[in-house]
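Okay, structure first, notes after.
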Amino acid sequence: MRLMADGGLALGTTTAAAPASATASASTTPYREFVSDPSKPVPYTAATTHWYDPGFMVEDQRFAARRPDVLVYESGPLTEDMRVAGPLTATLYVSTTGTDADWVVKLIDVLPDDTKNPEPNPRQIRLGGYQMMVRGDVIRGKFRNSLAKPEPFEPGKVTKVEFELQDVFHRFRKGHRVMVQVQSTWFPMIDRNPQTFVDIYSAKAESFRKATHRVYSSTEYPSALRVTVVP
């Protein structure tokens with residue numbers, strides 16, 4: 001699943017209509033960027049709760065997709081069912097104006113806009129366009145090469161970040177879309193990263209800084225989410 005510079009998601013199969021990016025000009029900017037602010041992190045759930053909400057694992061991600069600090073990549077509607085199984089590997093080519101960053105990747109099943117709501121529907125769930133999270137995981141960027149030897153990012157330098165998400169067994173149905181979201185905060189599921197190369201547990205307030213993150217999408221820097229499609 002290739003992350004395209006215009007927000008499309010190009011599947012390595014023929015089970016989806018081509019995203020707009022399939023015909024994009026070669027002059028398209030080869031990256032997308034967002035500003036990550038540790039003081040305004042992306043929450044892991046839209047629910048207001050005093051304790052952990054296990055429902056987040058299949059929660060509608062539209063609340064996150066609307067934010068300017070979340071990158072959204074989406075395929076066209078699937079022309080047939082697609083079943084994926086096994087590990088998911090995220091390969092991101094990124095840069096940051098800071099010296100550290102977290103990278104959160106979410107795989108999402110987007111229901112058709114005309115999907116009927118359940119009956120009864122006491123929670124008033126709107127299933128048309130529902131963005132159901134299938135899997136989500138995170139890597140703390142300083143540990144991208146070794147858990148024992150953290151490394152800072154060099155500001156502005158394109159860097160490869162690769163990690164495995166949890167295994168999956170999921171069928172995307174015909175007519176659904178596949179979505180990938182990329183963000184750098186997932187609070188309070190993941191503690192805030194100051195985005196400076198410091199010991200986070202003893203970081204001072206001034207260490208927490210805004211940073212501009214880029215995710216690259218080009219022949220040279222092919223950011224993607226690799227999955228295994230099974231019959």
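Observations
- Set side by side, the residues P87, P77 differ, and just one is in contact with an Asp or Glu (Cβ under 7 Å, 6 or more places away or on another chain) and farther than 30 Å from D199 by Cα, which is P87.
- Where F34 falls short, out of the listed (1) at pLDDT below 95; (2) outside any loop (DSSP other than H, G, I, E, B); (3) under 26 Å from T99 (Cα atoms): (1)
- Of residues in the stretch 34-69 being closer than 21 Å to T196 by Cα and among the polar types (S, T, N, Q), the one surrounded by the most Cβ atoms within 10 Å (Cβ to Cβ): S36
- Residues of the stretch 221-231 satisfying the condition of being β-branched (V, I, T) and either buried (at least 16 other Cβ atoms within 10 Å of the Cβ) or in a loop (DSSP other than H, G, I, E, B) (or both): V227, T228
- Scan the stretch 86-133 for residues that are part of a strand (DSSP E or B) and surrounded by 15 or more Cβ atoms within 10 Å (Cβ to Cβ) and the total you get is 21.
- Selected residue (only one of R144, R140, R135 is free of Cβ contacts under 8 Å to residues at least 40 places away in the same chain, of a type in the set (D, E, K, R), touching a strand residue (DSSP E or B) at 6+ places or on another chain (Cβ under 7 Å) and at negative phi): R144
- Top-ranked residue of the stretch 52-81 - restricted to ones that are among the charged types (D, E, K, R) and within 22 Å of G175 (Cα to Cα), ranked as farthest from the chain's Cα centre (by Cα): E80
- Scan of the stretch 136-156 for residues that are surrounded by fewer than 19 Cβ atoms within 10 Å (Cβ to Cβ) and in a strand (DSSP E or B), ordered by number: D137, R140
The values are calculated or read from the model by the stated rules, or taken from the named source; none is laboratory data. In this text, all values refer to a predicted model and were calculated from it rather than measured experimentally. With ideal geometry, Cβ positions are generated from the backbone for all residues, glycine too; neighbour counts draw on all protein chains shown.
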